[in-house]
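Heads up: the structure comes next, in structure tokens.
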Amino acid sequence: MNKFFSLLALALLLSTASIAQSIVSFKSMGHDDEPIYGMIGASSFYLKMSPLVEMKGSKLVLFIEPSQALIKDHSFVNIVINDRPAYSARLTKDSIERITISLTPEDLSADKFLKIQVKTLLTVSDDKCKDLDNPAMWVKVKENSYLSLVKTNGNFFSNVNISNCFESKRAIVYPVNPTLYDLKAVAWAYSRLKKTLNRDIKVYQEDALPDSIKNYIMVGEWGKLQADKKAMVNVKPAANEGLLFLKKALVTYQDSVGKGKDVTVPGEILFITGGDDPGYEKAITSLGNMNILNSSFGEYLLISNAQNNFFKTIEENRTRLTLRQVGGAPNFMSGIGSLTNVYSFKNSDFSFTPKEVEIHFVANYSSLTPGDRGYFNIYLNGMLISSERLDATGKLNTSVSINRYQHHKYNTVEAEFRIYPSSGNCINSFTNFFAEVDVDKSYLESKNPFITNDLSFYQYPEAFNTGTTKIVVTKEYAKYAAAAMGEIIYELNNNINGSNFPEFAYSDNVPDADLKKYNIVALLSQHDPLMGKFRYAPIRFNQKFRILNDENGNPVYSLSDSVSNGLAQIFYGLSNNAVLVITATGSEQEKAFTAASKSITEQLSTLSSNVCISDVNGNKYLFNINKSSENLEYFDTKNALTRFWETYNLYILLGLLVLILMSFLYVRSRVQKSQELFND
């Protein structure tokens, strides 16, 4: 009878508290205002849907801001969802138009993405030929557009599994006093989440986890998990066996905003553990294999064998990348005026930092009629770098090379077909021209490696692609460096074929030979003895220093302990191996480590910065320091004996004074006694 009432209560809970409406803005999913230019334009959005979303009853709300110059009665907007037309209409008189579309299960793709295309046909004047190059031809999809999603707990237990649970995770939790295995697990879990989520990832020690976080990843070897956590896992890993286990439950708590009402939400904990350290290592290794994770459709995964089969071959050296490899998709374009495709690539997509990149395009297009003018233009980061006139062959095969001063760490390439029909034939040519870039035959090729006498952050992380990397951490500071390690693992593998699986070690257990054998990423306390072994480091972080202006010698930066700073420097080691050293000062070491690890991955404006100083308030300073620099000054170069003397010199002098006085009194008393004996 008790079981019956328990089941009845659970059923009532599921039926009454399982449906909720959730508003998700385009801005929160990483989309700012998206302009669409030209007479005929289009823009696409790919939005990942949670397995808890019920498409029936959900809505898409788009806010469209048109150019004030448009003739709105003759301008149209079309919405295509999952490659099916969903909405078509003329623009309204509103300054910002609101479009609401009810969604259905058929709108969701097989891989659980909502693909939204906004296509426009715009008019500024009654003469279409004059509209071709009019800059007033635009509309904007606003960043406050949103999805109103119906989320239900009814399919929570059946639809959520290991393969799709990462999108809902809010944090990573590790044991108090973490081991190297724990740090490695945090780093790989962090990297996996960052590839999935467009938000900051929180990392907590187990005793500091806020009660408000219900969805998180818990790492730790089985024997070191708390008893209450072990009770949640009904599959125990054996020795030499790894385990990924997803614990799902409906969690009820009191909503402080909603007058103390009980609120039921899905709660998920993904455990990454192992029966022992070798088994734990196997579970960690599986985090680096997307194929394993994406095909794990159950609630647990036992791992008895895990290897990193990422051996580089000549073809895998990533010197030539097709446009499809960097995310380009086939796109059939038609019309006249400007027809464009945009592609993105990073320096880290290549095996090494390129000194020169060849951009090669192969495309097919409809032949031009006599009198028509057509051009193929290539833009790099918004700047025109090549223009070629189209001919009657309908075949395009062209290349342009760019040097290291033209491309950045992160780049966009825009391929544009620009068509001008012959005079008097404009009206009849709007649907005649078509073109398509072959994304498999078009490619980006790195011609020569960018080699310098001194490493810079411009070459990070590609400098660590060759050879094996070892991540080194000060044991006492390990708990502060967990999130920073995650940032580093993410960047080392932030390319089209991530294959960098570093080793981990404590700084007091690194032989001198390893400083030559491996690429080194060191996260150290400021006075770690290992600091002194980096002979070619631009700055000795274990001393106080100031950086001076090259021109007038005035200080431009002075290290201070009043604000927590993350200090990072990159340089060649003893055998030309890449070395990255990060340390933290002040009282907020965790934030400082993380700030430094994030700052060195941003789009830096200089090719030669090798020292980065960032504080927890978001300020960042970049410097180029080398052996011959005269803009570096140490103002705390005293050794331990000198610092001891400065601290205790008054006491020492006082002691010497007392000793001298006592010696004087002793000698005086002896002299008096001698005189008395002489007189007698």
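Overview of values
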| item | result |
| --- | --- |
| In the range 382-409, the residues that are within 15 Å of Leu444 (Cα to Cα) and either among the acidic types (Asp, Glu) or under 28 Å from the mean Cα position of the chain (by Cα) (or both) | Ile402, Asn403, Arg404, Gln406, His407, His408, Lys409 |
| Wholly within the range 308-416, strands (runs of 3 or more DSSP E) carrying at least 3 residues that are in contact (Cβ under 8 Å) with a residue 40 or more places away in the chain | 320-322, 337-346, 354-365, 373-380, 395-403 |
| Entirely in the range 496-557, the strands (runs of 3 or more DSSP E) that have 3 or more residues that are closer than 30 Å to Phe350 by Cβ and open to solvent by less than 80 Å² (accessible area, probe 1.4 Å) | 503-506, 519-524 |
| Residues of the range 450-491 satisfying the condition of being under 18 Å from Asn576 (Cα atoms), open to solvent by 10 Å² or more (accessible area, probe 1.4 Å) and touching a strand residue (DSSP E or B) at 6+ places or on another chain (Cβ under 6 Å) | Phe450, Ala463, Gly467, Lys470 |
| Those residues of the range 129-163 which are open to solvent by 50 Å² or more (accessible area, probe 1.4 Å), in contact with a strand residue (DSSP E or B) (Cβ under 9 Å, 6 or more places away or on another chain) and basic (Lys, Arg), in sequence order | Lys140, Lys151 |
| Residue that is surrounded by the most Cβ atoms within 10 Å (Cβ to Cβ), among those in the range 204-223 that are in contact with a Ser or Thr (Cβ under 8 Å, 6 or more places away or on another chain) and farther than 25 Å from Val263 by Cα | Val219 |
| Selection status of Ile582, out of contact with any Gly (no Cβ under 8 Å at 6 or more places or on another chain), open to solvent by less than 10 Å² (accessible area, probe 1.4 Å) and on the phi < 0 side of the Ramachandran plot | no |
| The range 117-164, residues that are among the polar types (S, T, N, Q) and in a strand (DSSP E or B) | Gln117, Thr120, Ser148, Thr152 |
| Every residue from the range 191-203 that is open to solvent by 40 Å² or more (accessible area, probe 1.4 Å) and in a strand (DSSP E or B) | Lys202 |
| Test: residue in the range 349-371 that is among the acidic types (Asp, Glu), more than 23 Å from Lys115 (Cα to Cα) and in contact with a Pro (Cβ under 8 Å, 6 or more places away or on another chain) | no |
| Residue check, Asn554 without any contact (Cβ under 8 Å) to a residue 24 or more places away in the chain and out of contact with any Asp or Glu (no Cβ under 7 Å at 6 or more places or on another chain) | yes |
| Residue pairs meeting the criteria (Cβ under 8 Å; at least 6 apart or on separate chains; first closer than 15 Å to His527 by Cα and at pLDDT 95 or above, in the range 471-490; second among the β-branched types (Val, Ile, Thr) and crowded, with 24+ Cβ neighbours inside 10 Å) | Val472/Ile520; Val472/Val521 |
| Residue, modelled with the highest pLDDT, within the range 22-45, restricted to residues that are polar (S, T, N, Q) and touching a strand residue (DSSP E or B) at 6+ places or on another chain (Cβ under 6 Å) | Ser25 |
| Test: residue in the range 566-577 that is assigned to a loop (DSSP other than H, G, I, E, B), without any contact (Cβ under 8 Å) to a residue 60 or more places away in the chain, open to solvent by less than 50 Å² (accessible area, probe 1.4 Å) and of a type outside the set (A, V, I, L, M, F, W, C) | yes |
| Pair list, Cβ under 8 Å, 6 or more apart: the range 98-127 residue on the phi > 0 side of the Ramachandran plot, other residue surrounded by 19 or more Cβ atoms within 10 Å (Cβ to Cβ) | Lys112/Met49; Lys112/Asn164 |
| Qualifying residues in the range 303-327 (those that are modelled with pLDDT of 90 or more and closer than 30 Å to Asp133 by Cβ) - the one most open to solvent (accessible area, probe 1.4 Å) | Val326 |
| Pairs where the first residue, in the range 176-196, is polar (S, T, N, Q) and the second is open to solvent by 10 Å² or more (accessible area, probe 1.4 Å) and modelled with pLDDT under 90, C-beta under 9 Å, 6+ apart | Ser191/Gly288; Ser191/Asn494; Ser191/Gly498; Thr196/Lys48; Thr196/Glu167 |
| Test: residue in the range 204-223 that is more than 23 Å from Thr285 (Cα to Cα), in a helix (DSSP H, G or I) and modelled with pLDDT of 90 or more | yes |
| Residue in the range 428-445 that is open to solvent by 30 Å² or more (accessible area, probe 1.4 Å) and either within 30 Å of Asn177 (Cα to Cα) or of a type in the set (Val, Ile, Thr) (or both) present | yes |
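Results for (1) at pLDDT 75 or above; (2) surrounded by 10 or more Cβ atoms within 10 Å (Cβ to Cβ); (3) in a loop (DSSP other than H, G, I, E, B), shown as yes or no for each residue.
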| position | (1), (2), (3) |
| --- | --- |
| Cys612 | yes, yes, no |
| Thr637 | no, yes, yes |
| Arg643 | no, yes, no |
| Asn649 | yes, yes, no |
| Val658 | yes, yes, no |
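The values are calculated or read from the model by the stated rules, or taken from the named source; none is laboratory data. The shown structure was predicted, so the numbers you read here are calculated from the model rather than taken from an experiment. A quick note on method: Cβ atoms are made from the backbone with ideal geometry, for glycine too, and the neighbour counts reach across all protein chains shown. With ligands, DNA and RNA removed, areas are computed over all heavy atoms of the protein, side chains included. Shrake-Rupley method; radii C 1.70, N 1.55, O 1.52, S 1.80 Å.
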